[in-house]
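Everything on this sheet refers to the single structure shown next.
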Amino acid sequence: MPEAVREAVQTQTDRLQDSIQRENDEFLSTIDDNIKKIIKEQVKSQVQAQITRILPRIEEFVNAQLEAEVITRSSHSSRTSYAVAADLSEMELKKILIDKMEGNKSIQRSNEQRNLYKALIEAYDADKTILESYGESVILKRRREDDDQ
């Protein structure tokens, strides 16, 4: 009988140890999760505070660089911008004139008007092709040559 009692006590002890170990593991897991949440919240609040403190400096730095770049470009390109704008205006005027001539059918009145209309279309198409192919550089060069003459 003492052997049966000892086995029963051992079995009960094993069950209790397993149960206590599971509870202990669950408790440690809960504590671990809570610690992770607390650390995450603290890090998040610290990062937020640092960002709030640093962000104005970053904005000032970026704005200063952008202002410097704008000033540099505007000082170098005021003539360039004007020439491109003038050339684009010239092309727009050619296009408006072509549209008006086509709308009024004035190109069919005489050979001279037809020839002028064709020359206007050719000039417009050539300018358009040059602008599409080479961009601003060729137009600016041509504009400077015209200004020099």
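We did not get these values from a lab; they are worked out from the coordinates using the rules stated. None of these values were measured; they are calculated from a predicted model. Glycine also receives a Cβ, built like all others from the backbone with ideal geometry; neighbour counts cover every protein chain displayed.
A crude spin-label estimate for the pair Lys118 and Asp33, with each label 7 Å from Cα along the Cβ direction, gives 8.8 nm.
3J(HN,Hα) along region 29-46: 5, 4, 4, 4, 4, 5, 5, 4, 5, 4, 4, 4, 5, 5, 4, 4, 5, 5 Hz, from the Karplus curve 6.51 cos²θ - 1.76 cosθ + 1.60 with θ = phi - 60°, whole Hz, x for Gly and Pro.
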